[in-house]
Amino acid sequence: TVVDGGDVAVVRASQERTDAAITAAARAARQSGKLLLTIGGDHSLTFPILRAFDDLPGLGIIQLDAHLDFSDEAGGVRYNSSTSLRRAGELPSIGPMATLGLRGLRTNPEAFAAARRRGNVLITRETMRHASIDSIVDRLPKAEHVYLTIDLDVLDPAIAPGVSAPELDGLSYDELRQIVRGVARRYHVVGIDIVETSPPHDPAGTTALAATQIAIEALAAVFLARESQ
């Protein structure tokens, strides 16, 4: 059974109040004890969602993304879509982290250095091109529970142009699907978000279609994995 929990109102003048509302909504949704799937929105929403998982110490994060989103600040602001995973990594309940699909010219050396110091697993698009899906999944860190965050810009912009920061030479849809299936088989997935989908930037609608389809297939992969355990 899939239940629509409704929308979270964005307070446009206050990131802090918006984040608080997102955390409260995630906590309320998790009271059912079921899998939480969140549709965004930009990648800033991942941090406030993860605050609602503080009952799971050592929670792992698997991030599928062209960008690391691990900057300490952007334009002097510490809470935004470029810093969300950095803030998440500072939460005491968060354990190992991994990012897959990294590529592009817009790279923050400080963010990569900080991610490596923390011990995050970083897997580039180039690495994924020359390795099997199984071998990629085998490189991911161990964790009892995992939260999966999917930025649609991990896909090639020929498939998903309607994102805020498209990068050429992304994953095919099947590569994304196979990685999601591998993560579902390997871990107990407790939450998923799918972010950075902007339908107005894609009149053809393929980006929204990709987001919708990977949401359905991610749920199917997780439920199938749980049934087989």
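The values are calculated or read from the model by the stated rules, or taken from the named source; none is laboratory data. All of these numbers come straight from a predicted model, not from anything done at the bench. Don't worry about glycine lacking a Cβ; one is built from the backbone with ideal geometry, like all the others, and counts go over all protein chains shown. Calculation scope for accessible area: heavy atoms of the full protein, side chains included, ligands and nucleic acids excluded. Shrake-Rupley method; radii C 1.70, N 1.55, O 1.52, S 1.80 Å.
Conditions: (1) among the β-branched types (Val, Ile, Thr); (2) within 21 Å of Ile61 (Cα to Cα); (3) buried (at least 20 other Cβ atoms within 10 Å of the Cβ). Ile133 meets all but one. Number of the miss? Result: Ile133 passes all but (3). Taking residues in the stretch 67-91 that are closer than 24 Å to Asp55 by Cα and aromatic (Phe, Trp, Tyr), and partners anywhere that are open to solvent by 60 Å² or more (accessible area, probe 1.4 Å) and not in a loop (DSSP other than H, G, I, E, B), the pairs with Cβ atoms closer than 6 Å and at least 6 places apart or on different chains are Tyr79/Gln15. If the condition is being acidic (Asp, Glu) and in contact (Cβ under 8 Å) with a residue 24 or more places away in the chain, then the stretch 152-181 contributes Asp153, Glu167, Asp169, Glu175. Of the residues making up the stretch 97-109, one or more are touching a residue at least 40 places away in the same chain (Cβ under 8 Å), under 29 Å from His130 (Cβ atoms), open to solvent by 20 Å² or more (accessible area, probe 1.4 Å) and touching a Ser or Thr at 6+ places or on another chain (Cβ under 8 Å). Is it true that some residue in the stretch 106-127 is of a type in the set (Ser, Thr, Tyr) and part of a helix (DSSP H, G or I)? Yes; the residues of the stretch 106-127 include at least one that is of a type in the set (Ser, Thr, Tyr) and part of a helix (DSSP H, G or I). For beta carbons closer than 6 Å, sequence separation of 6+ or different chains, a first residue in the stretch 192-215 that is more than 14 Å from Ile150 (Cβ to Cβ) and open to solvent by less than 20 Å² (accessible area, probe 1.4 Å) and a second that is at pLDDT 95 or above and not in a strand (DSSP E or B), the qualifying pairs are Asp202/Pro161; Asp202/Gly162.
So, in the stretch 39-61, exactly how many residues are open to solvent by 10 Å² or more (accessible area, probe 1.4 Å) and not acidic (Asp, Glu)? Step through it out loud before you land on a result.
In the first step, residues of the stretch 39-61 are kept if they are open to solvent by 10 Å² or more (accessible area, probe 1.4 Å); the result is 39-42, 44-45, 47, 51, 54-58.
Among the residues that remain, those that are also not acidic (Asp, Glu) are: 39-41, 44-45, 47, 51, 56-58.
Residues in the stretch 39-61 being open to solvent by 10 Å² or more (accessible area, probe 1.4 Å) and not acidic (Asp, Glu): 10 in total.
Selection of the stretch 8-38 for residues being in contact with a Ser or Thr (Cβ under 9 Å, 6 or more places away or on another chain), open to solvent by 50 Å² or more (accessible area, probe 1.4 Å) and closer than 23 Å to Thr212 by Cα yields Val8, Ala9, Val10, Lys34.
You will find that of Ala52, Ala98, the residue that is closer than 22 Å to Val190 by Cα, part of a helix (DSSP H, G or I) and at pLDDT 95 or above is Ala52 and no other. Going by what's in this entry, would Val121 be described as open to solvent by 10 Å² or more (accessible area, probe 1.4 Å), of a type in the set (A, V, I, L, M, F, W, C) and under 16 Å from the mean Cα position of the chain (by Cα)? Spelling it out, Val121 is indeed open to solvent by 10 Å² or more (accessible area, probe 1.4 Å), of a type in the set (A, V, I, L, M, F, W, C) and under 16 Å from the mean Cα position of the chain (by Cα).
Evaluate the stretch 169-182: report whether one residue or more is touching a helix residue (DSSP H, G or I) at 6+ places or on another chain (Cβ under 8 Å), among the polar types (S, T, N, Q), closer than 27 Å to Thr23 by Cα and modelled with pLDDT of 95 or more. Looking through the stretch 169-182, none of the residues is touching a helix residue (DSSP H, G or I) at 6+ places or on another chain (Cβ under 8 Å), among the polar types (S, T, N, Q), closer than 27 Å to Thr23 by Cα and modelled with pLDDT of 95 or more. Take the stretch 216-228 and flag every residue that is touching a residue at least 24 places away in the same chain (Cβ under 8 Å), aliphatic (A, V, I, L, M) and surrounded by fewer than 22 Cβ atoms within 10 Å (Cβ to Cβ). If the condition is that a residue be touching a residue at least 24 places away in the same chain (Cβ under 8 Å), aliphatic (A, V, I, L, M) and surrounded by fewer than 22 Cβ atoms within 10 Å (Cβ to Cβ), then Leu219, Leu224, Ala225 are the ones that fit.
Condition first: assigned to a helix (DSSP H, G or I) and either open to solvent by less than 60 Å² (accessible area, probe 1.4 Å) or at pLDDT below 95 (or both). Can you find one or more residues in the stretch 62-70 that meet it? Among the residues of the stretch 62-70, not one is assigned to a helix (DSSP H, G or I) and either open to solvent by less than 60 Å² (accessible area, probe 1.4 Å) or at pLDDT below 95 (or both), which makes the answer no. Taking the listed residues Asp174, Asp153, the one that is open to solvent by 10 Å² or more (accessible area, probe 1.4 Å), of a type outside the set (Lys, Arg) and not in a strand (DSSP E or B) is Asp174, with no other qualifying.
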